Amino acid sequence: SDAPPDVIKPVRIVPIVRDHKNALLIRFSSPEDQSPEALATVQHAILRGIEIVFQLEEGEVLGEPLPARDNRRTILIYEATEGGAGVLGRLVEDPLALPAVARAALSLMHFERVSEAIAEGDPELLTDDPKAECARACYRCLLSYFNQPDHELIDRGETAAKKMLIDLARGA
C-alpha cells in the first residue's frame with residue numbers, strides 16, 4: 001500500500017565517525033610494586049606537568065589508566081583534540097622534555113628544594129611550601145574537573161610517587 005503523500009517515511013541513518021588523535025603509552029617497570037595512590041598521583045602529575053611545560057589548556061591532554069582504573073599498570077595519554085598540539089611526539093623525540101615535565105610537576109605540587117631532591121635522587125629532600133595550605137592535593141596542584149574519579153587516590157605526599165617523578169626528572 002502506498003503511504004499518503006503528506007507522511008514522511010522513516011529513513012535509517014548510520015553515523016560514521018573517524019578520529020585521529022596522538023597517543024602515548026607509559027609503562028611502569030614494576031607497577032605491581034606501587035600503590036594505587038602512587039600510580040594515580042604520578043598519572044595526574046605528568047598530565048599537569050605537560051600542561052605547564054607545553055602551555056596547554058586543562059583538558060587538551062588527558063590520560064586513562066590501563067587496563068582499568070582499579071588495576072593500573074600503564075597510562076594512556078592522549079591529545080583530546082583531533083590533530084592535537086603535537087606535544088606527545090615531542091615528549092618521545094626530545095630527551096629533555098619528560099624530565100622538564102616531571103620537574104614542573106614537582107614544583108606545581110607545592111614542594112621546595114626540587115632541584116636539590118632531583119640532583120640527589122632523594123624524595124626526602126622535598127619540603128612542603130609553608131604558604132601552600134595543601135594537604136593531599138588541591139585544585140592549584142593536582143586536582144581538576146577531569147580527574148574527579150581519582151580524587152580519593154591522589155596524594156602529593158606519597159613517597160613512591162615523589163620518587164618516580166624525581167627519577168623521571170633525572171632521566172632515569
TODO: Taking the convex hull of the Cα atoms, report for the chain its projected area averaged over all directions, in nm².
DONE: 14.9 nm²
Task: Rounded D (µm²/s) - the stretch 132-172, Kirkwood Rh over Cα pairs, Stokes-Einstein at 4 °C, 1.567 mPa s - done: 115 µm²/s
Task: Amide H within-cut-off set for Val61, under 5 Å, with H built and near neighbours excluded - done: Ala80
Task: Along principal axes, Cα extents of the stretch 1-64, largest first, whole Å - done: 70, 32, 19
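If Lys and Arg each add +1 and Asp and Glu each add -1, what is the summed charge of the other residues whose beta carbon sits under 11 Å from the beta carbon of Ala105?
Value of the local net charge: +3.
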- [ ] Scan around Thr74 for amide H atoms under 5 Å from its own, H built in the peptide plane at 1.01 Å from N, and keep only partners 5 or more places away or cross-chain.
- [x] Leu66
Open item on the list: Can you list residues from other chains, or at least 5 along the same chain, whose modelled amide H is less than 5 Å from the amide H of Glu112?
Closed with: Thr127, Asp128, Asp129
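For Leu25, what charge total do you get from the other residues with a beta carbon under 11 Å from its beta carbon, if Lys and Arg give +1 and Asp and Glu give -1?
Every neighbour counted, the sum reads +1.
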Task: Contact order relative to length of the chain, as percent, for alpha carbon pairs under 8 angstrom and 6 or more apart - done: 27 percent
Task: Residue-by-residue Karplus 3J(HN,Hα) for the stretch 63-75, coefficients 6.51, -1.76, 1.60, Hz, glycine and proline x - done: x, 9, x, 10, x, 7, 4, 8, 9, 6, 10, 9, 10
Task: In degrees, nearest ten, helix 159-170 long axis to first principal axis of the chain (Cα) - done: 90 degrees
Task: Dipole magnitude (debye, nearest 20) for the stretch 42-172, charges at Cβ of Lys, Arg, Asp, Glu - done: 180 debye
TODO: Place a +1 charge on the Cβ of each Lys and Arg in the stretch 99-138 and a -1 charge on the Cβ of each Asp and Glu, then give the dipole magnitude about the Cα centre in debye, rounded to the nearest 20.
DONE: 200 debye
TODO: Measure nothing fancy, just the Cα-based angle from helix 36-53's long axis to the longest principal axis of the chain, in degrees from 0 to 90, nearest 10.
DONE: 80 degrees
Task: Net charge contributed by nearby residues that have their C-beta within less than 10 Å of Arg73 (K/R +1, D/E -1) - done: +1
TODO: Could you work out how far apart the two model spin labels at Leu66 and Asp6 are, taking each label as a point 7 Å from the Cα in the direction of the beta carbon, and quote it in nm?
DONE: 5.7 nm
Task: Mean Cβ count within 10 Å, highest first, over the residues of peptides 27-36, 92-101 - done: 92-101, 27-36
Task: Selection from Gly59, Cys138, Thr74 lying farthest towards where the dipole of the stretch 35-172 points positive, charges on Cβ - done: Thr74
Open item on the list: Students often check this: by mean Cβ neighbours within 10 Å, which of 104-110, 74-80 ranks highest, and how do the rest follow?
Closed with: 104-110, 74-80
Task: Angle between the chain longest axis and helix 97-108 axis [Cα atoms, degrees, rounded to 10] - done: 70 degrees
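Throughout, read-outs are computed from the coordinates displayed, never taken from laboratory work. All figures in this text were calculated on a predicted structure; none of them were measured in a lab. Neighbour counts run over all protein chains shown; Cβ positions are idealised from the backbone, glycine included.
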